[in-house]
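A.B. asks: Sharing a structure, written as structure tokens. Questions coming.
The values are calculated or read from the model by the stated rules, or taken from the named source; none is laboratory data. Bear in mind the structure is a predicted one, so any value in this text is a computation, not a measurement. Cβ: placed from backbone, ideal geometry, glycine included. Neighbour counts: every protein chain shown. Areas reflect the complete protein model, heavy atoms only, side chains present, ligands, DNA and RNA absent. Shrake-Rupley method; radii C 1.70, N 1.55, O 1.52, S 1.80 Å.
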Amino acid sequence: EGMQLKLELVVENADSPWAITQSNDGRLFYTDKSGKLFFKLGEVIQEIMGLPLVKYKGQGGLMDVILHPDFDNNKRIYLSYSKPNPDDDNYSTTAIFSGILDGNAIINGEDIFVAEPYVSSNVHYGSRMIFDINAFLFVSIGERGKRDDYPQKLDNHLGKIHRLNDDGTVPMDNPFYYTPYAIKSIYSYGHRNPQGLCYDSVTNKIYDNEHGPRGGDEVNLI
């Protein structure tokens, strides 16, 4: 309300774009679910190499892209994607890949987070990421279509929002860090398929949106 919006075409002929972000120098980064990452600067569009192998099937593929809060100096970039099980690609999970952007390639890239367990489903990966004001990384993981199995149990990563350090290690002040049998990275649990995360730096609050079954979609204060 009270806003005037203008629609401007920035990129055309994209296949299945999933996420966008922008650096301070004006580069627009966007993922394609098929497993490709691009950046656009001015009229020039370049594909970025050095990405992990994704399982592009159903709701899975290459999903979110965000930049480190100090990206101007460290050039660190983060990608979330559906990762096939190395031993059986009928199973997959959500993983977070991070590396250093060097020209049009990511170097020294590695998975800093891999959700367990792998599941033979191609839905509900979740897969959004945000940083808060303290440079903690929050990651949303869907319950992979198994809402009665995983979200309410603390011994798995699925149906949760996780809080990590920027290198993928786990902060010791996480709420379940010292809880027996609990996954230490869990920040909140009981989620279905959280595919949006928003951080309000003024109030230091995090919101998510979740897909509900045939309706019942939610916006939650985490």
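A.B. asks: Report the full-extension gain for the segment Met3 to Ser120: residue separation times 0.36 nm, less the Cα-Cα distance, to one decimal in nm. Mind showing how you got there, number by number?
C.D. replies: Numbers: separation 117, 0.36 × 117 = 42.12 nm, distance 4.48 nm.
Here the answer is 37.6 nm.
A.B. asks: Which aspartates and glutamates, on any chain, are close to Lys33 with Cα under 16 Å apart, when same-chain ones fewer than 8 places away are left out?
C.D. replies: Candidates past the 8-residue exclusion: Glu12, Asp15, Glu47, Asp64.
A.B. asks: Something else: Take the Cα atoms of the stretch 113-182, build their convex hull, and give its volume per residue in Å³.
C.D. replies: Once divided by residue count, the hull of the stretch 113-182 is 88 Å³.
A.B. asks: Right, something else. Using a 7 Å offset from the Cα along the Cα-to-Cβ direction at both Gln152 and Asn134, what is the distance between the two label points in nm, to one decimal?
C.D. replies: Reported label-point gap for Gln152 and Asn134 is 3.0 nm.
A.B. asks: Give the accessible surface of the stretch 80-201 per residue, rounded to a whole number of Å², with probe radius 1.4 Å and ligands, DNA and RNA excluded.
C.D. replies: 43
A.B. asks: Of the listed values (i) 13.9; (ii) 14.7; (iii) 12.4, grab the one calculated as mean projected area of the Cα convex hull in nm² from the structure here.
C.D. replies: Checked against the structure: label (i).
A.B. asks: Could you give each residue of the stretch 15-32 its phi-based ³J(HN,Hα) in whole Hz, using Karplus coefficients 6.51, -1.76, 1.60 with θ = phi - 60°, and x for Gly or Pro?
C.D. replies: For the stretch 15-32, the Karplus-derived couplings read 8, 9, x, 10, 8, 9, 8, 9, 8, 5, 8, x, 6, 9, 9, 8, 9, 10 Hz, x marking Gly and Pro.
A.B. asks: Continuing with the same structure: Quick one: what are the phi-derived ³J(HN,Hα) couplings along the stretch 144-161, Karplus 6.51/-1.76/1.60 with θ = phi - 60°, whole Hz, x for glycine and proline?
C.D. replies: Listing the rounded values in order: 6, x, 10, 5, 8, 9, 10, x, 8, 10, 8, 9, 8, 8, 8, x, 9, 10 Hz.
A.B. asks: Using all alpha carbons of the stretch 1-88, what is the percent of pairwise distances in each 10 Å bin, ordered from the shortest bin to the longest?
C.D. replies: All Cα pairs considered, the percentages come to 15, 43, 29, 11, 2, 0.
A.B. asks: Using only the Cα atoms of the stretch 38-155, what semi-axes does the equivalent ellipsoid have when each is the square root of 5 times a gyration tensor eigenvalue? Give whole Å, largest first.
C.D. replies: 27, 17, 12
A.B. asks: Moving to a separate point now. Within 14 Å, Cβ to Cβ, of Pro69, how many net charges do the neighbouring residues add up to if Lys/Arg are +1 and Asp/Glu are -1? List each step's numbers first, then the result.
C.D. replies: Numbers: positive: Lys75, Arg76; negative: Asp70, Asp72, Asp132, Asp166, Asp167.
Charge balance near Pro69 sits at -3.
A.B. asks: Label points 7 Å out from Cα along the Cβ direction at Thr179 and Asp25: separation in nm?
C.D. replies: A separation of 4.3 nm, rounded to one decimal place.
A.B. asks: Further, regarding this structure: Could you work out what % of the accessible surface of the stretch 78-161 is carbon and sulfur, using a 1.4 angstrom probe and leaving DNA, RNA and ligands out of the count?
C.D. replies: Carbon and sulfur together cover 40 percent of it.
A.B. asks: Where a Cα-Cα gap under 19 Å defines reach, which lysines qualify for Lys184, not counting those fewer than 8 residues away within the same chain?
C.D. replies: Lys153, Lys160
A.B. asks: What do you get for chymotrypsin sites (Phe, Trp or Tyr not before Pro) in the stretch 124-217 restricted to DSSP loop and a cutoff of at most 12 other Cβ within 10 Å of the site's Cβ? Intermediate results must be reported in sequence, preceding the final value.
C.D. replies: Numbers: sites: Tyr125, Phe131, Phe136, Phe138, Phe176, Tyr177, Tyr178, Tyr181, Tyr187, Tyr189, Tyr199, Tyr207; in loops: Tyr125, Phe136, Phe176, Tyr177, Tyr178, Tyr181.
Hits after loop and neighbour filter: Tyr178, Tyr181.
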